[in-house]
Amino acid sequence: DESQKWVLMVTAQTPTNIAVIKYWGKRDETLILPVNDSISVTLDPEHLCTTTTVAVSPSFDKDRMWLNGKEISLSGGRFQSCLREIRCRAGDVEDEKKGIKIAKKDWEKLHVHIASYNNFPTAAGLASSAAGLACLVFSLAKLMNVKEDHGKLSAIARQGSGSACRSLYGGFVKWIMGKDEKGSDSIAVQLADEKHWDDLVIVIAVVSSRQKETSSTTGMRETVETSMLLQHRAKEVVPKRILQMEEAIRNRDFASFAHLTCADSNQFHAVCLDTCPPIFYMNDTSHRIISIVEKWNRSEGTPQVAYTFDAGPNAVMIARNRKVAGVLLQKLLFYFPPQPDTDLNSYVIGDKSI
Ligand code: 2P0
């Protein structure tokens, strides 16, 4: 049947983001509404990003998805929420060259195939859901000619994974927690674009290639249920830090930026420790990195490097400029010397087996 032969495709690429004021804890688990605002920096797409191709064809008999070449289930509630939210906003699509015409109402009957690749090892514990879900939502929105702005799309990506809403913009991004119980105002906004503060250099030290033991979703739930410190953090600490961080970013004030970033990472891990049973995401190597950076910053009289750790032991370090980043790499190689035959492109500093 000739009418079944066409395939329409869209490809998009989305970088991951690193929070400098952390999201940890939900007030609504299904809609993914957080207990506080968060701020992140989106990485350069060359390094840690997801590339997703979405395709539609009348010959597809169900929605299917492949991650790094392996088919995965789309049955989870979060994928289904994203697909549903995008589908119900689909518009008319026309490709004259291919002779394809899809009317708004046709999308209910059509199925999509999604192929997604990460250009970094998913198992290394580096945020992959943020880039993945943001890219999925963005590419589907393009394919289906959804005419919503980035804010609206961020609210859809949020329902796939909280941190994903921040990956729809480059530069510095704030996820506003919002007040609405349906989540319509829990969206991401760009604070400054990628050119605003381009002296900064981000260095990621892979401390362990093992996958984390407690998923973010489970960890957050347990923290919300058991930690008293989280209440204090969400209500008293973060609202002030958000304002200070916005000002530091606006003024490119590295000293304030570094103090806030390090303090917020440490408080996030303190909240994890305050959870019952306690959650340990950092290990001895992570702690050593903190000590090295703290000592260096103090000896210089003003911060040179900020560190931040997510739900795993890997260190994300932000150097004030390229020169400092060079010195940072030298220091890391001095404190964590590789064996002579080590491939530095995949060197895991705390994991002797690699
Ligand atoms: C963040 N993290 O702000 C924080 C800091 C990890 C530590 O967002 O349950 O994968 O999908 O909303 O977004 C990781 O949590 O969790 C995270 P869900 P997500 O980047």
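The values are calculated or read from the model by the stated rules, or taken from the named source; none is laboratory data. Not measured: the values here are computed from a predicted model. Cβ atoms come from the backbone with ideal geometry, glycine included; neighbour counts cover every protein chain shown.
Brief remarks follow.
- Residues that are closer than 14 Å to HIS259 by Cβ, over 26 Å from the mean Cα position of the chain (by Cα) and outside any loop (DSSP other than H, G, I, E, B), drawn from region 284-308: ASN297, ARG298, GLU300
- Annotation note: of THR30, THR16, THR51, THR11, the sole residue that is among the hydroxyl-bearing types (Ser, Thr, Tyr) and modelled with pLDDT under 95 is THR16.
- Search result, residues across region 274-283 that are within 14 Å of the ligand (Cβ to nearest atom) and either in contact with a Leu (Cβ under 9 Å, 6 or more places away or on another chain) or in a helix (DSSP H, G or I) (or both): THR275, ILE279, PHE280
- The conditions of being in the same structural domain as PHE257 (by TED's automatic domain parsing) and in contact with a Ser or Thr (Cβ under 6 Å, 6 or more places away or on another chain) are not met by PRO303.
- GLU213 falls short on exactly one of the conditions (1) among the charged types (D, E, K, R); (2) within 16 Å of the ligand (Cβ to nearest atom); (3) in contact with a strand residue (DSSP E or B) (Cβ under 6 Å, 6 or more places away or on another chain), and that condition is (3).
- Only residues that are among the small types (Gly, Ala, Ser) and closer than 27 Å to ALA234 by Cβ were counted in region 268-304, giving 2.
- Residue in region 6-14 that is closer than 30 Å to ARG241 by Cβ, under 20 Å from the mean Cα position of the chain (by Cα) and within 16 Å of the ligand (Cβ to nearest atom) present: yes
- Across region 28-55, the number of residues qualifying as over 12 Å from the mean Cα position of the chain (by Cα) and within 12 Å of the ligand (Cβ to nearest atom) comes to 10.
- Any hit, region 243-253, residues being surrounded by fewer than 16 Cβ atoms within 10 Å (Cβ to Cβ), at positive phi and either of a type in the set (Ser, Thr, Tyr) or not assigned by TED's automatic domain parsing to the domain that holds ILE32 (or both): yes
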